Amino acid sequence: MSDSMILLLAKGAWETIVMTFVSGFFGFLIGLPTGVLLYLTRKGQVLEHRTLNNTISVIVNIFRSIPFIILIVWMIPFTRALVGTSIGVEAAIVPLSIGAAPFIARLIENSLIEVPGGLVEAARAMGATPFQIVYKVLLPEALPSIINSASVTLITLVGYSAMGGAVGAGGLGQIGYQYGYVGYDVFVMNTVLILLIMLVFLIQFLGDFIAKKVDHR
Amino acid sequence: MIELRNITKKFYQKTKAITALSDVSLTVPEGKIFGVIGASGAGKSTLIRCVNLLEKPTSGEVIVDGQNLINLSSKELAKARRHIGMIFQHFNLLSSRTVFENVAFSLELDHTPKQEIQKRVSDLLSLVGLDEKHHDYPVNLSGGQKQRVAIARTLASNPKVLLCDEATSALDPATTKSILALLKDINKRLNITILLITHEMDVVKDICDEVAVISEGQLIEQGAVSEIFSHPKTALAKEFIASSLNLEIPVDYKERLVAAPAVDKRPLLKLEFTGQSVDDPVLSEVARLFQIDSNVISARMDYAGGVKFGVMLIEVFGTQENSLRAIEFYKNKNIKVEVLGYV
């Protein structure tokens, strides 16, 4: 393998990592509060509100049903307005974050549902406000499960970012597409695959490790 | 201290209304321990949840420490709840927090300074006898220890009232005893009024001053524990008392038991002592008056609220005529006699 090719692959791997983690971060920034709100407005919960719950639920479902490759194209005007371009890593982060957020929201909602209802009841009986219930009871108790959700999300984002590569997002996906699909360079394609697999294994390993560390159940 | 006035609670399932509580009123005087006993599904859980408004009653008034809770805003209610402690059947400790942090929880809600939390939590943990466990996680504790942590946690905010929702139902008998002793101690030492619900008459007998019997969402009987034990009016109250005094005939007696008298067989009697029974040394009296020997096979006698009650299985040695006279004698002393058969 030539030096320039190694450099290209290293750059691609770095771009993939940046896309995955930065959009994961923004995805959580939007998805976490949305998931918490979805949970709190459910029937029988502290902020039960049917209309609000249904509204959020519908929005989440709509965004989850758009295939990611179409979401990228569909969001181009918005992306351009936000970061000034529709090509490259920065531009890819916008649809990646938006694509991940509703997915994260649902995962968070499910993590919170698993927290035993008695704990919320005990906190209410002690006079906790809904906000205190969220950050002192629900989130800490669901933390192991939320970290597992984070691994799942990040791994999904690795895949999404590769898809983005096909339409000019950069990263390993673009290299794999150009050299593998267009140029049929089996060696480069396989190297890309191995790098992606390593990244996924690493994320899963770290996720499991941290989840285990914080789990006292 | 706690007053419930005409509480009615209905749950709606689609179009069907289910009445969980209907027109329940009760008063718990300051410093007393009040027990509500009932079978599962009788509405006792709903009742205790109405006191701190975890369930909002459909109608009626809830007054705790002179404050009517029904019309409070959610902020005022949260504040009022700080003075109403509650412990649960399944403890409801936070698994993500250590014992120390669990007890600190309610203090954190009030933004208590760190130093004060440190001192208060240490004091509480030694009060409940868990000095060594500060940094353990709940998963490593036994049931009794978990309930002690829950008690310390709820005492942290200096409650005037403590609600116990089947607090000992998930514990073994010995642990139950120790938790009940702790509750009694708290009641005496800190003058905390306790309202507890249970399905075990033993719990009522051990620590309650007053008791109410709940059935199908209604309080069908209430009064001082001694009063209910000595003069139970309803069948359900009698049943609960009997359930705490259940006696089985031993298996080898059961095998030999026949329904009709026979030459070489002796009657097997079940004597039931209630509050109305005359408190006399009846067994020795019978022995003297009718030349009857009694072999006590098994017995369970108890003493609560100043009355003696219980059941006893005895095998009677004597002539048939004298045996009948002895039975008559017991009956005159208001002791319930049942001839179970002949062995």
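The values are calculated or read from the model by the stated rules, or taken from the named source; none is laboratory data. Note that the structure is a prediction, hence the values are computed from the model and not measured. Positions of Cβ are generated from backbone atoms using ideal geometry, with glycine treated the same way; all protein chains shown enter the neighbour counts.
Details
- Of all residues in region B:231-262, exactly one satisfies the criterion of being of a type in the set (Ser, Thr, Tyr), under 17 Å from B:Val204 (Cα atoms) and outside any loop (DSSP other than H, G, I, E, B), namely B:Ser243.
- Count - residues of region B:59-82 that are among the hydrophobic types (A, V, I, L, M, F, W, C), over 27 Å from the mean Cα position of the chain (by Cα) and away from chain A (no Cβ under 12 Å): 1
- Options B:Asn332, B:Asn295, B:Asn322; residue that is surrounded by fewer than 18 Cβ atoms within 10 Å (Cβ to Cβ) and either touching a helix residue (DSSP H, G or I) at 6+ places or on another chain (Cβ under 6 Å) or basic (Lys, Arg) (or both): B:Asn322
- Selection of first residues in region A:96-116 that are within 14 Å of chain B (Cβ to nearest Cβ) and over 30 Å from A:Ala166 (Cβ atoms) and of second residues that are part of a helix (DSSP H, G or I) and of a type in the set (D, E, K, R), restricted to Cβ pairs under 6 Å at least 6 apart or on distinct chains, gives the following pairs, ordered by first then second residue: A:Val115/A:Glu141.
- Boolean, A:Leu143 is under 22 Å from A:Leu154 (Cα atoms) and either more than 14 Å from chain B (Cβ to nearest Cβ) or in contact (Cβ under 8 Å) with a residue 60 or more places away in the chain (or both): yes
- Contact map, region A:185-199: residues that are farther than 12 Å from A:Gly173 by Cα paired with residues that are crowded, with 19+ Cβ neighbours inside 10 Å and of a type in the set (Ser, Thr, Tyr), Cβ distance under 7 Å, separation 6+ or inter-chain. Pairs shown: A:Asp185/A:Tyr179; A:Leu199/A:Thr16.
- Looking only at residues of region B:160-175 that are surrounded by fewer than 22 Cβ atoms within 10 Å (Cβ to Cβ) and of a type outside the set (A, V, I, L, M, F, W, C), we find that the one that is nearest to the other protein chains (Cβ to nearest Cβ) is B:Glu166.
- Region A:1-29, residues that are crowded, with 16+ Cβ neighbours inside 10 Å, closer than 15 Å to A:Leu154 by Cα and of a type in the set (A, V, I, L, M): A:Ala13, A:Ile17, A:Val18, A:Met19, A:Val22
- A:Gln132 meets all of the listed conditions (1) without any contact (Cβ under 8 Å) to a residue 24 or more places away in the chain; (2) more than 14 Å from chain B (Cβ to nearest Cβ) but one, namely (2).
- Residues that are within 11 Å of A:Met126 (Cβ to Cβ) and surrounded by fewer than 18 Cβ atoms within 10 Å (Cβ to Cβ), drawn from region B:51-108: B:His83, B:Glu108
- Within region B:39-50, if we keep just the residues that are surrounded by fewer than 21 Cβ atoms within 10 Å (Cβ to Cβ) and more than 14 Å from chain A (Cβ to nearest Cβ), the residue that is nearest to the chain's Cα centre (by Cα) turns out to be B:Ala39.
- Scanning region A:160-184 for residues that are of a type in the set (Val, Ile, Thr), in contact (Cβ under 8 Å) with a residue 24 or more places away in the chain and either buried (at least 21 other Cβ atoms within 10 Å of the Cβ) or part of a helix (DSSP H, G or I) (or both) turns up just one, A:Ile175.
- Residue satisfying all of: in region B:83-113; outside any helix (DSSP H, G or I) and under 13 Å from B:Leu155 (Cα atoms); nearest to the other protein chains (Cβ to nearest Cβ) among these: B:Met86
- Checking A:Phe187 against (1) assigned to a helix (DSSP H, G or I); (2) closer than 23 Å to B:Ser96 by Cβ, the condition it does not meet: (2)
- Residue in region B:205-215 that is surrounded by the fewest Cβ atoms within 10 Å (Cβ to Cβ), counting only those that are modelled with pLDDT of 90 or more and not in a strand (DSSP E or B): B:Asp209
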